[in-house]
Each structure stands twice: as C-alpha cells, then as structure tokens.
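Below is one structure, written out as structure tokens, with a few remarks after it.
The values are calculated or read from the model by the stated rules, or taken from the named source; none is laboratory data. These figures come from a predicted structure and were not determined experimentally. Note: ideal-geometry Cβ built from the backbone for every residue, glycine included; neighbour counts use all protein chains shown. Please note that ligands, DNA and RNA were not included when accessible areas were found on the heavy atoms of the full protein model with its side chains. Shrake-Rupley method; radii C 1.70, N 1.55, O 1.52, S 1.80 Å.
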Amino acid sequence: MKYYLTTPIYYVNAAPHIGHAYTTIAADTIKRWKRMQGYDVVLATGTDEHGQKIERAAAAAGKTPQEFTDIISAEFQRQWEILGLGIDRFQRTTAAKHAVQVQDLFHRCLHNGYIYKGNYSGQYCVFDELYVNDAKPGDPCPECGRPTETVSEENYYFKLSAFQQKLLDLYEKQPDFILPESKRNEVLAFVKKGLSDLSISRTTIKWGIPVPNDEKHVFYVWFDALTTYMSAVAGEDMWPADLHLIGKEIVRFHAIYWPAFLMAAGMPLPKRIFAHGWLLFENDKMSKSRGNIVRATPIHKVLGTDALRYFLLREVVFGQDGSFSYDALVGRYNSDLANGWGNLASRTLAMIKQYRAGVIPRSDGDQQIAQSSQEITAIVMESLDRLEFSKALESVWSLIGAVDKYIVEQAPWKLAKGGDAEAERLDEVLYTSAEALRIVTALLAPILPESAAKIWAQLGFTTPIDLVKTADLHWGRLRGNQALGGLATVFPRADVKASIEKMMDLESKEVARQSELLGKKPEPAAAVAPGSPQITIDDFGKVDLRVGIVLDAAAVKGSDKLLHLHVDIGEPAPRSIMAGIAGAYKPEALVGRKVVIVANLAPRKLRGIESQGMIVAASREGDVPVLASFLEDVPIGARLK
Ligand SMILES: [Zn+2]
C-alpha cells in the first residue's frame, strides 16, 4: 500500500520561516501516522526557483540565479534536517529531471489541443510576477502597491475555459477532493463564475524552463511549479498523489489549474487537496513589512522541535487560522508537556524503579482505565485520519488526565507500605500506569517523535518506536517483567522569561544570518549632482528620520495627489501625515507598510488637515514617487543615522 503526500514547493525569494515549518511539520506528522497504519509513505517537498523575481534578487546579491537558488534551496534542506523532518524527496524546479517532466506535460496538453499562442499587452508586476489586467500605465500593483511595468508579449495559453464543467463534475463526484469544506465552497463559487484561459509562458523572463521548440519562451510559475509533484517521484510507482498539503492562499492553483492541466494531459489526478489556514503572530498577519516573522530554529534550540510541533498542532485547529506567540508557546510547553505527559512519565517510571526495582510487574491492569484507553485510542485514530490534530491531542490528554486521577485515587505510595497483602494491587496500579503511558506514547509518536522515542526507551523497549503499528495500540500488549531503560527528565520546566529572551535573541541572530545568505546589499548610489551644497554631519543630525508603520490611509477630497495617513512611529499616538503619493499608491496598498518619516519637521496644514511630519520617497523629475523602504526587518521607531 503506497501513500504519497506533498508540501507546497517553497519559493526561494525568502529564507524558511515558521510558516514553511508549519506545513512541513504537519506533512511529517501525516507521514508518520500513515506509516504506523502500514503504508509505504513518500513525503516530497522542494523549492520553486524560477522567475524574474529570483533573477533580480540574484543580481542584487551579485550572484547568478543558479548560485542564488543553490544557496536558498540548501537553506531549506538544512532547515528540515535541523527540525528532524522525514523528507523522502526534495525536488528543485531547476533540476534537469523536472524540466523533462514540465516539457512532457506541455507536449501532452498541446497534442490534445489545449494549448494555443496568443498575445498579452498591458501592465505587469515584477514583484508578484502578475499580469494586472485592468491597470493603466503608472498604476500600482493591486497586490503589493509597487509600480507596474508595461509589457507586450506573445504567450502560450492554456484553454482553462474548456474545463469548467469537467472541474465541477470532479468536485461533485469527489466531495472530499478539496478540504476543508469552506475552501471547497470558495473554489466551487469561483469555477461557477466561468474560467478564463491562462497564460503559461513568458518571453520577458529568461530564468525558467524553455518551451520546447520555441526557446524564447519560458514556462511561467504554475505550469512549472505544480509539475514538481510529479517530477519528485518520476520513474517510481507513486503518482497520483494521495494528498497535496497547501496553505489556503494557493488553493485555487491546486484545486483548479492543477487538475485541469492533468485532465488536459490525460493523466491521473491527485486524490485530495487540503488547505490549512495562516499562522498569525499575536493575531496579526506575519509579513516582511511588519517585521514579525518568526523562525523555527530558535524555538528548536531552546525548547526542542516537539515543543513547536505540539504548539502548532494543538493550539491551531488545522484548516483554520491560528496565532503564534512566545508566551503561549512556553505556556503550553509547561502546562501540557512538562506537567502533563512528562509528569505522567516521570512519576510512573520513578514508582516502578522505587517499588519494583525498575521492572514493570505483570497484571491485566485496571478494567476502567483499559476501557477508557481503548475508547480514546479509537477517537485519536479517527481524528488523525481526518487531520484533526488538535482534537487528537486533546483526546490523548484526556487519557493522561484519567490516569493521573487514577494514580492519586489508588495512592500507590500507601500500597507500597502494605507489604505482601497489597502487593497484587500495587502491581495492578503500576502496570496500569505503565501500559497507559505506553499507549499514550505510541499515539503521540507521529506528532512528537523525538520525545516519544525517549520515553519509549525509558519504558525499556529496545525496538525503535518507528516500528510501532496501530495494532500495537491495544490494551495489554505490554508484557510484564520488562526492565526499564535509563530514566531522565524529558521536558524540564521552562523559565518563561528567560526562555523567551533566549528565543528572541537567537531569532535576531537567525534573521541576520539569513539576510546575509540572501546577499542583501545596498544598490549602488547614483552620483550626487555636482551643484549640491555640502553639509556637515551636525547639519544632517538635525534631521530626525524615523521608521514608522502606516496604520491607515485615505484619499483627500478634492486632491488627486494627496493621501492622508496615520503612521505609528512608536510614540503614544500615531502621526497624522499628508503625502503627495496618491498618483503612485492606492491607500489600501499602504496599510501595514513600513515607511521613513521626517519626524521633527515643523507641523503644517494641507487642505485643512495638519501634517505632523513628512514621508520620505524617491523620484526623478516627472516620475512617480517611490517610498523609501527596507529589505531587512526594522523595528518601528528606529532612527536613521
Ligand atoms: Zn505586486
């Protein structure tokens, strides 16, 4: 029985962070669970490395695109190794094997009459690699607010319009093709509105896979990236995928384009697409501009990967948005891991060591606990099958709670004083606790593999926990007379303040390391006009330049140049600032952006509104202004010197 699952192919314009780790940890958990059910599992991930954005980022870093993508792709692989994730195939889109697969898919679609040549002329956003169909020259990109470029080019088009009914039939015949239900409904509504044909090649981009027999064209994002799922297992008997695990922002590409491409090529479709929600930071979207992206490795170093895995899969309902915070992370670690599972393990094992010389006694165990254990095991298994990780964990913890209560009620420390008369009862209590601990540990192995392996060894098992199968979850599989392994605390209590400080310190070091890796260097400055008067450093010091974040922005009545912004520069109240940038930016594109403010400019009134400072933007005569911004994360209120 094979089971093939994938994570998205991560784009190498950014170094890996907790968002990438979230999807990959979930995939690793599913892999371990399927393996426990007896499947031969292959988990594939990889990196999406083509496109103009990468070409330009590489140039800015003084590297060739290949050198640049080699570095970032290796950083992703390194990340998964550090976190101990069981990646079986790591597929890069720059691999020759992958190009063959993309070109083959193209040939099949072309041969079946689903590809034709057409023309696009209009606005294009380089940053998002997006045609902005209804924009005029000079308009900003609706996604990111950066100025669009005018392009006119010949493209290959995919006849997506021919697949509307076929896709609707697919969604109806396989109601679980897209999960969760809310995402399925979104996709259904979108497809019902009708589908436009899709441009699948570019002539403006050089860094990509060439279209066969027409090499001035390279394949554009999705035709290239999605096919990675097939190239990762090319030549193996793994396709179709059983599960594509994705973030909700790419559900349309996976649930609409991908099955359409495969239908056009006459190839088998994946069985399921599951879209999980976003991981927010303290309920705020994580983004470069907010400077609140968290990386996984500092958490791994301070609390261990299992602490992160537990938090992400317990705290966030899989499929919905959830929020990360260091406080909540350490809180969960202490209350659930140290005081919950960790405490059950250490007290159970310590009692066996003390009262029975480290050998688990023989007994059938307590019948009530045995029954709860069987019931809870069934719920956990069903929850894991449905990818309801949070519910699965909650159920395991209800068993931990029941056993804790049982131990307190039975008071084995009293039985131990009762001599031979109480020996059989003491055996029963110790066996019951140990058997429940064994089942809890086996159930948690797919989710918290590192800690489960440790507790498994402490219980005295010499075969690795990875070999445990679902049949082993039955009550009574633990035979008596088993000697414990060496005991040690698995989850030492964490000092909240100290561990958060440590993680944040490591986080800033990791940010610096990753920035260097991305080769972020300042671009060469243009020569300053010879006529500019010189100033002293003291003159410059009089200008108080501060980093701020735009809280809101609105058009100003009667002006097509001005926008009215509120900017937080770390003071008690945000600044009201008027800026002549309406020609270049839509107000909504500015919200959440970090900007530079002249903070000590004398206030002045523009159109009756007080402007408490000035926003810094660059422009040449006649050009639209471009806001000063940062490539690295900068805290709000930081002074420019
Ligand atoms: Zn854009």
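A few notes on this one:
- A residue that is within 16 Å of the ligand (Cβ to nearest atom) and in a helix (DSSP H, G or I) can be found somewhere in segment 214-233.
- Residue within segment 121-134 that is more than 27 Å from the chain's Cα centre (by Cα), within 19 Å of residue 201 (Cβ to Cβ) and modelled with pLDDT of 90 or more present: yes
- Residues located in segment 16-26, provided they are among the small types (Gly, Ala, Ser) and surrounded by fewer than 24 Cβ atoms within 10 Å (Cβ to Cβ): 19, 26
- Summed over segment 551-581, residues that are of a type in the set (Lys, Arg) and not in a strand (DSSP E or B) total 2.
- Identity of the residue in segment 1-15, surrounded by fewer than 24 Cβ atoms within 10 Å (Cβ to Cβ) and not in a strand (DSSP E or B), that ends up farthest from the chain's Cα centre (by Cα): 1
- Restricting attention to segment 274-315, the residues that are under 16 Å from the mean Cα position of the chain (by Cα), hydrophobic (A, V, I, L, M, F, W, C) and farther than 19 Å from residue 511 by Cα add up to 6.
- Filter pass, residue 57 being over 30 Å from residue 443 (Cα atoms), in a loop (DSSP other than H, G, I, E, B), at pLDDT below 95 and not acidic (Asp, Glu): no
- Leading residue by the ranking (farthest from the ligand (Cβ to nearest atom)) among those in segment 106-125 that are of a type in the set (S, T, N, Q) and without any contact (Cβ under 8 Å) to a residue 40 or more places away in the chain: 119
- Checking segment 493-511 against the condition returns a match, with at least one residue being assigned to a loop (DSSP other than H, G, I, E, B) and surrounded by fewer than 19 Cβ atoms within 10 Å (Cβ to Cβ).
- Residues located in segment 126-150, provided they are more than 8 Å from the ligand (Cβ to nearest atom), touching a residue at least 40 places away in the same chain (Cβ under 8 Å) and open to solvent by 20 Å² or more (accessible area, probe 1.4 Å): 131, 138, 147
Here's the yes/no breakdown for (1) buried (at least 23 other Cβ atoms within 10 Å of the Cβ); (2) assigned to a strand (DSSP E or B):
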{"position": "280", "(1), (2)": "no, yes"}
{"position": "287", "(1), (2)": "no, no"}
{"position": "290", "(1), (2)": "no, no"}
{"position": "293", "(1), (2)": "no, no"}
{"position": "298", "(1), (2)": "no, no"}
{"position": "307", "(1), (2)": "yes, no"}
{"position": "310", "(1), (2)": "yes, no"}
{"position": "314", "(1), (2)": "no, no"}
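- Condition met for residue 409 (of a type in the set (Asp, Glu), surrounded by fewer than 21 Cβ atoms within 10 Å (Cβ to Cβ) and at pLDDT 95 or above): yes
- Qualifying residue in segment 152-164 (condition: buried (at least 19 other Cβ atoms within 10 Å of the Cβ), farther than 26 Å from residue 208 by Cα and either more than 16 Å from the ligand (Cβ to nearest atom) or in contact (Cβ under 8 Å) with a residue 24 or more places away in the chain (or both)): yes
- Given (1) out of contact with any helix residue (DSSP H, G or I) (no Cβ under 9 Å at 6 or more places or on another chain); (2) modelled with pLDDT of 90 or more, index of the condition residue 550 fails: (1)
- Sole residue being in contact with a helix residue (DSSP H, G or I) (Cβ under 6 Å, 6 or more places away or on another chain) and charged (D, E, K, R), chosen from 435, 501, 428, 422: 422
- Residues satisfying the criterion are absent from segment 323-339 (criterion: open to solvent by 20 Å² or more (accessible area, probe 1.4 Å) and within 26 Å of residue 479 (Cβ to Cβ)).
- The residue that is surrounded by the fewest Cβ atoms within 10 Å (Cβ to Cβ), counting only those in segment 167-213 that are charged (D, E, K, R) and under 30 Å from residue 97 (Cα atoms), is 206.
- Residue list for segment 323-350, filter: polar (S, T, N, Q) and part of a helix (DSSP H, G or I): 334, 335, 339, 343, 346, 348
- Tally of residues being open to solvent by less than 80 Å² (accessible area, probe 1.4 Å), in a loop (DSSP other than H, G, I, E, B) and farther than 24 Å from residue 30 by Cα across segment 462-490: 8
- One residue from 306, 366 being under 16 Å from residue 26 (Cα atoms), in contact with a helix residue (DSSP H, G or I) (Cβ under 7 Å, 6 or more places away or on another chain) and touching a residue at least 60 places away in the same chain (Cβ under 8 Å): 306
- Filter pass, residue 127 being out of contact with any Phe, Trp or Tyr (no Cβ under 7 Å at 6 or more places or on another chain) and within 25 Å of residue 196 (Cβ to Cβ): yes
- Among the residues examined, residue 135 qualifies as farther than 20 Å from residue 223 by Cβ and of a type in the set (A, V, I, L, M).
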